[in-house]
1. Condition test on ASP61, is it of a type in the set (D, E, K, R), touching a residue at least 24 places away in the same chain (Cβ under 8 Å), away from ligand 1 (no atom under 15 Å from the Cβ) and touching an Asp or Glu at 6+ places or on another chain (Cβ under 9 Å)?
2. Would you confirm whether any residue within region 308-320 is part of a loop (DSSP other than H, G, I, E, B) and surrounded by fewer than 11 Cβ atoms within 10 Å (Cβ to Cβ)?
3. Those residues that are within 16 Å of ligand 2 (Cβ to nearest atom), under 30 Å from ASP242 (Cβ atoms) and touching an Asp or Glu at 6+ places or on another chain (Cβ under 8 Å), I need them from region 165-183; list them, please.
4. For region 132-172, which positions are acidic (Asp, Glu), under 14 Å from ILE234 (Cα atoms) and part of a loop (DSSP other than H, G, I, E, B)?
5. Quick one: how many residues across region 199-228 are charged (D, E, K, R) and under 30 Å from ASN4 (Cα atoms)?
6. Scan region 71-115 for residues that are among the small types (Gly, Ala, Ser), surrounded by fewer than 16 Cβ atoms within 10 Å (Cβ to Cβ) and without any contact (Cβ under 8 Å) to a residue 60 or more places away in the chain and jot them down.
7. Consider ALA273 against the criteria (1) in a helix (DSSP H, G or I); (2) in contact with a Pro (Cβ under 9 Å, 6 or more places away or on another chain); (3) hydrophobic (A, V, I, L, M, F, W, C): it satisfies all of them except one. Which criterion is unmet?
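What follows is calculated from the coordinates using simple rules that are stated; it is not laboratory data. Keep in mind it's a predicted model, so treat the numbers as computed, not measured. When we count neighbours, we look across all protein chains shown, and the Cβ atoms used for this are built from the backbone with ideal geometry, even at glycine.
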Amino acid sequence: MINNQWYAILSSHKLKRGKVVGVRRFGENLVIFRTDNGQIGCVNSLCAHRKASLAKGCIQDDHVKCPFHGIEYDVSGKCVYVPSEGRASTQDYTRFRMKNYPTKEIGGIIFVWYGDKEPEGEPDVFDVITDSSYAYDHIEDTWNVDYSRVIENQLDVSHLAFVHHNTIGRGNKKVCNGPKVVWLDDNTMQTSANNEIDKGQTPKSSEAAEIKSTNLTFKFPNMWLNHVTDKLLIFAYFVPVDDEHAIIALRFYNKFTGIKFIDKAISWLGSRANKIVERQDKRIVETQIPKKTAIAIGECLVAADLPIMEYRGKRDRLQKSGK
Ligand code: FES
Ligand SMILES: [Fe+2]
């Protein structure tokens with residue numbers, strides 16, 4: 001993990017008002033809850049009292065209530081009521097304070113701040129997730145690898161002709177020009193597949209290669225956008241569950257007709273296609289060892305792996321800086 005970052009961790013549609021959801025994130029069991037007035041809280045799942053899981057709890061008076069002895073916590077993780085002590089209690093319950101993760105909700109995604117510092121600014125998001133001119137459909141799947149493997153697969157331009165030979169990688173384009181990698185800002189890198197049929201040519205260097213209008217952009221720590229055309233964008237975020245599990249959330253955005261229900265139907269169909277491609281990737285990536293990546297893990301990388309190297313390098317610098 002990279003500390004002190006906003007991570008996209010849950011789709012808003014999974015957290016209705018008045019609901020408590022138990023999830024595993026960052027190798028820790030958490031509960032995320034939405035109070036009746038719409039506030040979102042995220043705390044460690046184990047109740048401070050006798051460690052029952054709040055995942056089996058419910059919302060009461062804008063607090064999450066433990067199912068065991070009814071202790072209540074507010075969205076900041078502060079204990080606000082211990083039933084056995086009575087409503088009139090004036091005791092200090094500071095020792096009950098739960099480990100809490102600050103939350104933000106943007107574009108139908110819940111973000112949490114993971115780190116030891118106070119949150120810095122807002123999550124850095126792609127504009128499309130808040131652009132209401134697009135319709136989208138959302139799917140997700142769990143992979144048995146660390147989220148870094150899932151991210152790197154989405155930055156891998158040389159697997160297309162093999163893993164996806166009968167879908168998005170049709171055409172036998174095995175030779176990879178570049179790829180070029182550009183940093184759009186400190187947090188955002190862009191690349192693009194620029195592959196060709198092997199006719200005996202030498203691939204272009206990264207410098208000579210270009211970013212095409214169909215391109216891939218990655219935002220640290222865990223979001224990715226495939227800009228296919230201005231009207232069709234495939235967006236993903238990669239949820240860290242633990243060192244051996246991640247969730248890939250994939251959204252198909254489009255505004256082909258500008259008529260919401262038709263665009264929504266197109267996105268639904270697009271998600272079916274996304275699912276086929278995603279399963280092709282999953283089948284192979286789940287075989288990679290180690291399940292979590294780092295700068296030096298004994299791989300023999302090639303020029304086409306430049307986006308992966310850039311990702312690893314930046315992640316390593318962020319991890320070392322404690323950010
Ligand atoms: S374990 Fe939660 S109230 Fe007792
Ligand atoms: Fe793929």
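1. Against the criterion (of a type in the set (D, E, K, R), touching a residue at least 24 places away in the same chain (Cβ under 8 Å), away from ligand 1 (no atom under 15 Å from the Cβ) and touching an Asp or Glu at 6+ places or on another chain (Cβ under 9 Å)), ASP61 does not qualify.
2. Looking for residues that are part of a loop (DSSP other than H, G, I, E, B) and surrounded by fewer than 11 Cβ atoms within 10 Å (Cβ to Cβ), one finds none in region 308-320, hence no.
3. none
4. Answer for region 132-172, where residues must be acidic (Asp, Glu), under 14 Å from ILE234 (Cα atoms) and part of a loop (DSSP other than H, G, I, E, B): there is none.
5. 1
6. The answer is SER76, SER84, GLY86, ALA88, SER89.
7. (2)
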